[in-house]
Structures are given as C-alpha cells and as structure tokens.
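What follows is a single structure, written as structure tokens, with notes after it.
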Amino acid sequence: MPSTRLQEVYSTLVANNPGESEFHQAAKEVLESLEPVIKEHPEYTDRALLERIIEPERQIIFRVPWMDDKGEYHVNRGYRVEFSSALGPYKGGLRFHPSVNLGIIKFLGFEQIFKNSLTGLSMGGGKGGSNFDPKGKSDDEIMRFCQSFMTELQRHIGENVDVPAGDIGVGGREIGYMYGQYKRIRNSFDAGVLTGKGINWGGSLVRTEATGYGLVYFAAEMLKDAGTNMDGKKVIVSGAGNVAIYAIEKLQELGADVITASDSSGYVYDPDGLDLDLLKQVKEVERGRIKDYADKRPSATFVSDGSIWDVECDVALPCATQNELDGDAAAKLVKNGTKFVAEGANMPCSPEAIDVFNAAGVRFAPGKASNAGGVATSGLEMEQNAARSHWSFDQADQRLHKIMVDIHDTSIETAEKYGFPDNYMIGANIAGFIKVADSMIDMGVI
C-alpha cells in the first residue's frame with residue numbers, strides 16, 4: 001500500500017478494530033486497489049471520505065436467550081452492523097454459525113457495500129448474525145432461537161431502513177420463523193423487510209438458486225472473454241451448501257464436468273461427475289455429511305485428510321467459507337493447470353493465494369463481483385414486494401443473468417481503464433467504490 005494517505009487510513013482501522021483480522025484483510029484489499037483512482041481523483045481523500053467509508057454507520061450487539069427442548073436455557077450473542085446507506089437501505093445477510101463474531105460481521109458488511117454497489121440496484125451494505133449453531137438443533141429449538149433473535153432485531157430493521165436476508169446457517173426455514181415473529185410484533189405484513197422468503201408469502205423465484213447461478217454466469221463470462229466456454233471443462237467446487245449445489249446445477253447445464261464437493265468433514269472426488277440429485281438428497285433433504293454421498297455413489301471417493309485443491313481442474317470455484325484457499329493450495333492449482341478461479345463464498349481466497357494467481361496469469365474474480373447474484377436477486381425480490389407483484393422464474397433468471405454480465409463487463413472495463421487489464425479484483429473494487437464515494441460526496445459529511 002504505497003500511498004501514505006491510504007496507509008494512514010488502514011493503520012487507523014487496525015488500531016480502532018484490534019483483533020478483527022478478517023475485517024483488516026477485506027479493508028486492506030480494497031484500499032490497496034484504490035491507489036490508481038486516488039491519484040487521478042484526489043477529491044476522494046477530502047472531508048474524511050475514506051475514514052467514513054471504513055467506519056460502520058451503526059453497530060448493534062444484543063443477547064439472544066432461548067430454551068432448548070429439554071427446558072434448559074441458553075444465551076447467544078446477536079449482531080447487526082449497518083455499514084453504509086449511501087446507495088439505499090442497508091442490505092445483507094444473517095449468518096448463524098459458531099465462528100461468528102463482530103470482526104466477521106464487519107468484514108462481511110464491508111464487502112457488502114461494494115458488492116451491492118456493483119449490482120446497480122439501490123442497496124446499501126450491512127450484515128448480521130449470531131454465534132448460534134443450528135447443527136443438531138430441532139425445528140422447535142431453531143424456531144425459538146429465531147423468535148428471540150427477531151424480538152430484538154425488529155427494532156432496527158424495515159423495508160426502507162435495513163433489509164436482512166439469509167447466509168450460512170440461515171435458509172428458508174429460519175427466514176420464515178424470523179418473519180413470523182416480525183409480523184407478530186409489528187402487526188404489519190411488511191413483505192420487503194426480509195428477503196429469501198417463501199414463494200407463497202412474498203419470496204422471489206430464483207432466489208434459492210441465485211448465488212450459485214450468478215457465480216456460474218460470471219465465470220462463464222470470464223471464459224468467454226478468454227475465448228473459450230464451460231463445455232467439457234473440469235471444475236472443482238468446494239462446499240455442499242446452497243451456493244455450491246446450484247453452482248453445480250448450472251455448470252452441468254453448461255456442459256462442465258463437476259468432480260468435487262465438500263463440507264467441514266472432507267471432500268468427495270467423483271471422476272464420473274457429481275450426481276446432483278443424490279447430492280441434493282444427502283445435503284438438503286437428509287441434512288447429512290458429504291461422506292454419505294460417497295457411501296451411496298460407487299464412483300465417488302471420500303477424502304477426510306487431504307485438500308480439495310489438490311484435484312486437477314480447469315476452473316476452481318471456492319464456495320465454502322473465508323480463507324479456505326491459501327497460498328500453498330493456490331500454487332498446487334497453478335501447477336495442475338487451473339486457469340480460472342471465481343469466488344462463490346465471501347473472501348475464500350487468502351491474500352497469498354490471490355498473489356499466486358496474479359503472478360501465474362490465472363484469471364481471478366473476487367466474491368464481491370462473482371457471488372453478487374444472491375444479493376442481486378434479493379434486490380429483485382424487494383422490487384417485486386414494493387410493486388406487490390410476482391415474476392416468473394424465467395423473468396427473474398434473465399434479470400439475474402443480465403446483472404452478472406454487467407458486473408463482469410464493468411469490472412473488466414474499469415480494470416482496463418486504470419491500467420490493470422484482466423484484473424477483476426482491482427476493477428470490481430474501484431467500480432464499486434466510485435459509485436458509493438460519489439454518493440457520499442453528494443450527501444455531505446454525515
């Protein structure tokens with residue numbers, strides 16, 4: 001980070017947010033990317049704009065007491081970081097996972113600012129969640145937790161204020177329980193206050209598939225820009241949740257040969273290509289482990305002590321969690337001939353991994369660009385709720401596809417403009433920043 005000004009901003013962030021390594025990492029990546037635009041537009045350093053953009057507008061922390069099926073009481077911590085409303089109401093998911101802490105939520109909220117900006121929709125950036133672990137909990141336990149969580153969160157959200165959605169550990173079941181509690185407390189059917197809702201009560205078609213589909217739409221444009229396509233390409237996908245499953249579905253539609261999936265216990269390698277119906281049965285219906293897939297699929301091998309990134313592929317799509325792909329794993333992918341990497345999760349590639357990809361000429365897309373399909377379709381759900389209308393699957397999918405193509409083109413064109421051809425990360429960071437920064441300048445120092 002050669003700029004003294006940018007270094008000062010980053011140093012202040014680290015000093016004010018000690019121990020929040022993921023937030024430091026996300027901010028450093030963006031700030032380093034801004035060097036060329038700051039040189040060309042010094043007005044972006046005026047009136048403490050950079051200091052304001054890295055400081056959340058509001059940070060909310062609250063306790064969440066709940067009772068399990070045995071009648072025993074537990075207390076978790078809830079969070080909502082409302083980071084930026086420069087472009088619209090705060091927008092971003094809720095994550096329920098034991099790893100959740102304030103630093104994780106701030107990293108996710110900071111990324112969300114620029115991701116939402118890139119969609120072209122009127123959405124600010126925010127994120128929330130809890131260190132609650134839904135694994136192994138009954139439906140009733142999850143319902144009681146969600147109701148307690150929403151009893152506090154409802155004070156801080158609204159259709160034109162803050163619109164949460166799902167993330168890791170929060171799917172349609174959890175959104176339903178939270179919305180029911182919101183509706184009961186507020187005595188109002190404000191459908192636009194949450195996204196990822198059930199189709200019968202304000203949800204959007206394609207929202208379930210959106211992040212995975214959008215990732216593949218973006219990756220397909222990367223390959224197209226390089227003069228090729230997905231047909232016949234060997235693809236490794238990490239994760240086996242919503243993003244991974246629907247990325248696999250769309251990849252197979254485009255003729256790709258998807259050969260891996262994973263969870264926290266290990267990964268499966270299936271040289272015959274993944275059986276998507278079986279994978280959905282194991283993970284979505286049975287809520288099982290990835291090993292269960294291998295036990296039911298003769299062609300698949302379960303690996304518990306290796307790295308999924310050791311598998312040879314043309315395209316790698318990390319879709320599990322932050323920093324899952326480090327520098328050594330990136331070097332192995334390069335050695336094995338990988339040419340394209342696009343993030344399906346939020347910040348799954350470490351800075352060292354990104355450096356390896358850039359040095360080797362691997363085309364790399366950051367999550368704020370390539371996994372923006374989920375929040376884009378959430379924005380489309382808000383649009384439908386505001387109009388009290390409901391779109392067909394094809395209508396919503398076409399809008400999603402266009403948004404992802406536009407994000408790809410904006411990222412690559414911006415990178416080219418500032419002297420970094422084919423660098424999707426710099427292009428996405430600059431394009432997302434400029435729109436937010438210009439809006440902040442228009443609104444004065446607030």
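The values are calculated or read from the model by the stated rules, or taken from the named source; none is laboratory data. The structure displayed is predicted, hence computed values, not measured ones. Glycine gets a Cβ as well: all are built from the backbone with ideal geometry, and neighbour counts include every protein chain shown. Heads up: the accessible areas ignore ligands, DNA and RNA and are worked out on the full protein's heavy atoms, side chains in. Shrake-Rupley method; radii C 1.70, N 1.55, O 1.52, S 1.80 Å.
Observations, loosely collected:
- With the largest listed first and rounded to whole Å, the semi-axes of the equivalent ellipsoid of region 56-186 from the Cα gyration tensor are 25, 15, 12.
- Under 5 Å, built H, 5+ apart or other chain: amide partners of A261: V268
- Computed Kirkwood radius, in angstrom, where 1/r is averaged over Cα pairs of the chain: 22.0
- Multiplying the residue separation of Q398 and H41 by 0.36 nm and subtracting their alpha-carbon distance yields 125.0 nm.
- Cut-off 15 Å between beta-carbons: net charge of the residues surrounding G432, Lys and Arg +1, Asp and Glu -1: -3
- Net lengthening on full extension, V405/E55 (0.36 nm per residue, minus Cα-Cα): 122.9 nm
- Backbone phi angles across region 39-48, fed through the Karplus curve with coefficients 6.51, -1.76 and 1.60 (θ = phi - 60°), yield HN-Hα couplings of 5, 7, 10, x, 4, 6, 9, 7, 6, 6 Hz in residue order; Gly and Pro are listed as x.
- Heavy atoms of V445 accessible to a 1.4 Å probe, total area in Å² rounded to 10: 90
- Taken per residue, the accessible surface of region 212-272 reaches 31 Å², heavy atoms only and a 1.4 Å probe.
- Extension gain (nm, one decimal) between E284 and S122, 0.36 nm per residue minus Cα-Cα: 55.1 nm
- Taking every protein chain into account, the accessible area of region 292-423 amounts to 41 square angstrom per residue (probe 1.4 Å).
- Nonlocal amide H pairs with A365, under 5 Å, H built at 1.01 Å: V341, A342, E343
- The fraction of accessible area contributed by carbon and sulfur in region 40-183 is 46 percent, rounded to a whole number (1.4 Å probe; ligands and nucleic acids excluded).
- When R173, R63, R289 are compared by accessible surface with a 1.4 Å probe, the order from highest to lowest is R63, R289, R173.
- Checked against a 20 Å cut-off, the cross-linked pairs K127/K280; K135/K283; K39/K417; K283/K332 give Cα-Cα distances beyond that limit for K127/K280; K283/K332.
- Probe 1.4 Å, accessible area per residue of region 56-186, Å²: 36
- For region 416-428, putting each phi into the Karplus relation 6.51 cos²θ - 1.76 cosθ + 1.60 with θ = phi - 60° gives couplings of 5, 4, 9, x, 10, x, 6, 9, 5, 5, 5, x, 5 Hz, in residue order, rounded to whole numbers and with x for Gly and Pro.
- Each principal axis of the Cα atoms in region 111-164 has its own extent, and those three values, largest first, are 39, 23, 15 angstrom.
- Under the Karplus curve 6.51 cos²θ - 1.76 cosθ + 1.60, θ = phi - 60°, whole-Hz ³J(HN,Hα) for region 396-404, x wherever Gly or Pro sits: 5, 5, 5, 5, 4, 4, 4, 4, 5
- Relative contact order, percent, region 1-155 [alpha-carbon distance under 8 Å, six or more residues apart]: 23
- List K402, K106, K39, ordered by accessible area with a 1.4 Å probe, largest first: K39, K402, K106
- Measuring nothing but how far apart in sequence close Cα pairs (under 8 Å, 6+ apart) lie, relative to its length, the chain scores a relative contact order of 15 percent.
- In a DSSP loop and with at most 12 other Cβ atoms within 10 Å, the GluC sites (Glu not before Pro) in region 246-292 are E286.
- Residues F107, F393, sorted by accessible area with the largest first, give F393, F107 [1.4 Å probe; ligands and nucleic acids excluded].
- Accessible surface of F420 - all protein chains present, 1.4 Å probe, nearest 10 Å²: 70
- Expressed as a whole percent, the accessible surface of region 356-446 that belongs to carbon and sulfur atoms is 53, based on a 1.4 Å probe.
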